[in-house]
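Some notes on the structure that comes next.
The values are calculated or read from the model by the stated rules, or taken from the named source; none is laboratory data. Everything numeric in this text was worked out from a predicted model, so none of it was measured. Note: ideal-geometry Cβ built from the backbone for every residue, glycine included; neighbour counts use all protein chains shown. Areas reflect the complete protein model, heavy atoms only, side chains present, ligands, DNA and RNA absent. Shrake-Rupley method; radii C 1.70, N 1.55, O 1.52, S 1.80 Å.
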Amino acid sequence: QVQLVESGGGLVQPGGSLRLSCAVSGIIVRISTSGWYRQAPGKQRELVASSTSYGRTDYADSVKGRFTISRDNAANTVYLQMNSLKPEDTAVYYCNVRGPAVYWGQGTQVTVSS
């Protein structure tokens, strides 16, 4: 059974940083494509960052230069380091792994507000 468990969300002031974690079980992150998505109230879920098994990373234009996706193969965990956070980054963030199927975590709330 594949499980993705996100953590690390919370309330942060504009300009602050957070690191989201996605602990994965049941599928090997190293040989999968993983990603982070987000969904703000009243908006569609959007791709924030992705990382392929061969190391290619892609980012939404709105987060380039501020967010970094990475993984710890030994821990089978995917991370999203978010710096210089803006109020428009407020959303529920979801971890995603693509293997034989597409798997999602339960989401973690990120709120950027003063």
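Here are some notes:
- Of residues in segment 94-114 being open to solvent by less than 30 Å² (accessible area, probe 1.4 Å) and in contact with a Cys (Cβ under 9 Å, 6 or more places away or on another chain), the one nearest to GLY16 (Cα to Cα): THR108
- Segments classed as strands (runs of 3 or more DSSP E), wholly inside segment 13-77, with at least 1 members that are open to solvent by less than 20 Å² (accessible area, probe 1.4 Å) and in contact (Cβ under 8 Å) with a residue 24 or more places away in the chain: 18-25, 33-39, 46-51, 67-72
- Residue check for VAL92: assigned to a loop (DSSP other than H, G, I, E, B), of a type in the set (Val, Ile, Thr) and within 17 Å of VAL112 (Cα to Cα): no
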